[in-house]
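Novice: To start, I am sharing the structure in question, which I have written as C-alpha cells.
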Amino acid sequence: MATTGTLRDAFVDELRDSYDGEKQLIKALKKMAKAAKHEELRSAFETHLEETQGQVQRLEQVFAMLDEKVKGKHCDGIAGIIEEGASVMEEDFDDATMNACLIASGQRAEHYEMAAYGTLVAWARVLGEDEAADLLQQTLDEEKAADEKLSALAEGGINDDAAGPGEDDEMNEASSSSRSKPSRATRPRARNGASARAPQSRS
Ligand SMILES: [Fe+2]
C-alpha cells in the first residue's frame, strides 16, 4: 500500500466527501420540507436548503482555490443518516410526532456536518489555506445556526405537541385517564440535540 498520501490529500478527500454530502442533503431537505406539518419547521428546512445550495458553490470555490477538480466522493455517513430519516418518514406517526422526528433527523445531519466542517477548517488553517478556511468557516457557522434553529423549534413547542396534552389539558379531558405519558408539568426538560459546539472549531 502506498504511503505517499499527505494531509493535503486527506483534506481534498474530505472536501469531496462533503461536496457529495451536501448534494445528497439538497434532495433530502426538499423531502423533509414537504413532510413537515408545521409552518416554521417547513420554512427552516427551506431556508437551510437555500443555504446548502450556497455551500455547494462555496466548496466549488475552495476546489478552484486549491487548483483541484470539482468532484464528489460518495459520503456514506450522510447517506446513512438520510436513509434512517427516510425510513422514519415512512412510519405511521401522527403529524406532531412526525415534526419531532424530522427535527431529530435534521439534527443528526447538522451534527455530522459540523464535525466535518470543524475538521476542514482546522486542516485548511494548518495547511496555510486561510482563504479556504474562511469560506469553510462560513458554512460551519450556517450548520451551527441551522442546528440551533431546530433546537429552538423543538423546545419552543414541537416536542410538547408531540408529547400530547399535559395536566392542564387533562382536567378538561376525562377520557384521557389511560394516558401513560408523564404530564408536561412533571416531565424533565431536556435540551434538544447535543451541545452545538463543533469539534475543532474556534469561531
Ligand atoms: Fe450543509
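A short reminder: the numbers here are calculations on the coordinates, not readings from a lab. Just so it is clear, the model here is predicted, and its values are computed rather than measured. Every residue, glycine as well, gets a Cβ built from its backbone with ideal geometry; the counts of neighbours run over all protein chains shown.
Novice: Output the relative contact order of the range 74-160, whole-number percent, from Cα pairs under 8 angstrom with separation of 6+ residues.
Specialist: On the way: 57 pairs, mean separation 29.2, N = 87.
Once normalised by length, the contact order is 34 percent.
Novice: So what are the radius of gyration and Dmax for the Cα set of the range 60-168, in Å?
Specialist: Answer for the range 60-168, Rg first and Dmax second: 18.0, 62 Å.
Novice: Let me ask another. Where does each of 23-29, 74-80, 99-105 land if you order them by average Cβ count within 10 Å, highest first? Don't jump to the answer; show the numbers that get you there.
Specialist: Values: 23-29: 19.1, 74-80: 15.7, 99-105: 22.3.
Output ranking for 23-29, 74-80, 99-105: 99-105, 23-29, 74-80.
Novice: Using the Kirkwood formula on the Cα atoms of the range 25-124, what hydrodynamic radius do you get, in angstrom to one decimal?
Specialist: Numbers: mean 1/r = 0.0678 Å⁻¹.
Result for the range 25-124 stands at 14.8 Å.
Novice: Fewest Cβ neighbours within 10 Å first, please rank Lys31, Lys144 accordingly. Kindly include the intermediate steps, with their values, before the conclusion.
Specialist: On the way: Lys31 15, Lys144 21.
Arranged by neighbour count, lowest to highest, Lys31, Lys144 become Lys31, Lys144.
Novice: Also, I was wondering about something else. Under a point-charge model restricted to the Cβ atoms of Lys and Arg (+1) and Asp and Glu (-1), what is the dipole moment magnitude of the range 1-104 relative to its Cα centre, in debye to the nearest 20? Write down the numbers at each step before the final one.
Specialist: On the way: 13 positive and 22 negative charges, 86 e Å.
Its charge dipole is roughly 420 debye.
Novice: What percent do you get for the relative contact order of the range 1-109 when only Cα pairs under 8 Å and 6+ apart count?
Specialist: It comes to 34 percent, rounded to a whole number.
Novice: Using the number of other C-beta atoms within 10 angstrom as an exposure proxy, rank Ser43, Ser151 with the fewest first. Before the final figure, lay out each step's value.
Specialist: Working: Ser43 13, Ser151 18.
Neighbour counts put them in this order, fewest first: Ser43, Ser151.
Novice: Can you sort Asp147, Asp67 from fewest to most other Cβ atoms within 10 Å of each residue's own Cβ?
Specialist: Numbers: Asp147 24, Asp67 6.
Fewest-to-most Cβ neighbours within 10 Å comes out as Asp67, Asp147.
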